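Asks: Take this structure first; my questions come after.
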Amino acid sequence: MKPVPARQSRTIQSSIVLPPDTNHLGTIFGGKVLAYIDEVAAIAAMRHAQRPVVTASIDSVDFLSPVQEGDVLTVESFVTWTGRTSMEVYIQVMCERGPGGERHQTAVSFVTMVAVGEDGQPVEVPPVQPETEKEKELYRTAPERQRIRKQRKYRSC
């Protein structure tokens, strides 16, 4: 299969944090952020594979700073590396203090997606072609993250 540039999978989604998205402290529910991460990762993986995908794993998510009601949350993702049927997707979550306010990183994660055929079984995906320095660094370090994921998976069985 011909490699697909990482930029082809790049997905960006922005949302304003509304009252139903927040807890009793006025900050966004962590589960809401996880839902955004899963959704944007799936779109990036589908753009790469050109087919449906399912979530295989979400690496630890580090919440770096609170997101408050009225803030704008932007979730950006792209495919960093591929296996035979799986894709590692990098996710960065940024927070903007109100529209036009100061921007800062609020969370980072890696999600593994698997491409599936009409029968629901895994299917092969094309390799990814990193272009930017960040994409190349994430590509270079992906095999170690995969090794850790597999190790974690087998320990929990």
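Every number here is computed from the coordinates shown, using simple stated rules; none is lab data. On a predicted model such as this, the values are computed, not experimentally measured, just so you know. Note that we place each Cβ from the backbone using ideal geometry, even for glycine, and neighbour counts take in every protein chain shown.
Asks: Using r as the Cβ-Cβ distance of residue 147 and residue 18, and R0 as 41 Å, what FRET efficiency do you calculate, to the nearest 0.05?
Replies: Rounded to the nearest 0.05, the efficiency is 0.55.
Asks: If you don't mind, another one. Counting other beta carbons within 10 Å of each residue's own, what order do 134, 153, 32 fall into, fewest first?
Replies: Ordered from fewest to most neighbouring Cβ atoms within 10 Å, 134, 153, 32 come out as 153, 134, 32.
Asks: Still on this structure: Quick one: net charge of residue 83's neighbours, Cβ under 11 Å, K/R +1, D/E -1?
Replies: Neighbour charge sum, excluding residue 83 itself: +1.
Asks: Does the range 4-156 come out rounded, prolate or oblate, given a ≥ b ≥ c as the square roots of the eigenvalues of its C-alpha gyration tensor, rounded meaning a/c under 1.5 and, failing that, prolate meaning a/b above b/c?
Replies: Prolate shape, in that a/c is at least 1.5 and a/b is the bigger ratio.
Asks: Under a 10 Å cutoff between Cα atoms, tell me which one of 107, 42, 56 has the largest fluctuation in the Gaussian network model of the chain.
Replies: 56
Asks: Report the net charge of residues surrounding residue 47, where surrounding means a beta-carbon distance below 11 angstrom and charges are Lys +1, Arg +1, Asp -1, Glu -1.
Replies: +3
Asks: Something else: In the chain, with Lys and Arg counted as +1 and Asp and Glu as -1 at Cβ, which of these residues, 98, 48, 19, has the Cα nearest the positive end of the dipole, that is, farthest along it?
Replies: Final value for the positive-end residue is 48.
Asks: In a Gaussian network model over the chain where Cα atoms closer than 10 Å are linked, find which of 86, 60, 77 has the largest mean-square fluctuation.
Replies: Sorting by GNM fluctuation, first place goes to 60.
Asks: Classify the range 26-104 as rounded, prolate or oblate, taking a ≥ b ≥ c as the square roots of the eigenvalues of its Cα gyration tensor: rounded when a/c is under 1.5, otherwise prolate if a/b is larger than b/c and oblate if not.
Replies: Here the range 26-104 falls in the prolate category.
Asks: With axes computed from alpha carbons, what is the tilt in degrees of helix 30-49 against the longest principal axis of the chain, rounded to the nearest 10 within 0 to 90?
Replies: That helix lies at roughly 40 degrees to the long axis.
Asks: Rounded to two decimals, what is the ratio between the C-alpha radius of gyration of the range 1-46 and 2.2 N^0.38 Å?
Replies: 1.55
Asks: Most fluctuating residue of 24, 48, 104 in a GNM of the chain with Cα springs under 10 Å: which is it?
Replies: In this elastic network of the chain, the residue with the biggest mean-square fluctuation among 24, 48, 104 is 24.
Asks: If the only charges are +1 at each Lys and Arg Cβ and -1 at each Asp and Glu Cβ, what is the size of the charge dipole of the chain around the Cα centre, to the nearest 20 debye?
Replies: The dipole of the chain has a size of about 640 debye.
Asks: May I ask which residue of 8, 70, 146 lies farthest towards the positive end of the charge dipole of the chain, with charges of +1 (Lys, Arg) and -1 (Asp, Glu) on Cβ and the Cα centre as origin?
Replies: Selected residue: 146.
Asks: Okay, next question. Relative contact order, percent, of the range 4-156 when contacts are C-alpha pairs under 8 Å separated by at least 6 residues?
Replies: The normalised contact order for the range 4-156 reaches 26 percent.
Asks: Which net charge results for the neighbourhood of residue 5, defined as the other residues with beta-carbon distances under 13 angstrom from its beta-carbon, given Lys and Arg at +1 and Asp and Glu at -1?
Replies: +3
Asks: To the nearest 10 degrees, how steeply does helix 133-156 sit against the main Cα axis of the chain, on a 0 to 90 scale?
Replies: 80 degrees
Asks: Counting each DSSP H run of 4 or more residues in the chain as -39500 (n - 2.57), what helix-only mean residue ellipticity at 222 nm follows after dividing by all residues, to the nearest 500 deg cm²/dmol?
Replies: Dividing the helical sum by the residues of the chain leaves -10000 deg cm²/dmol.
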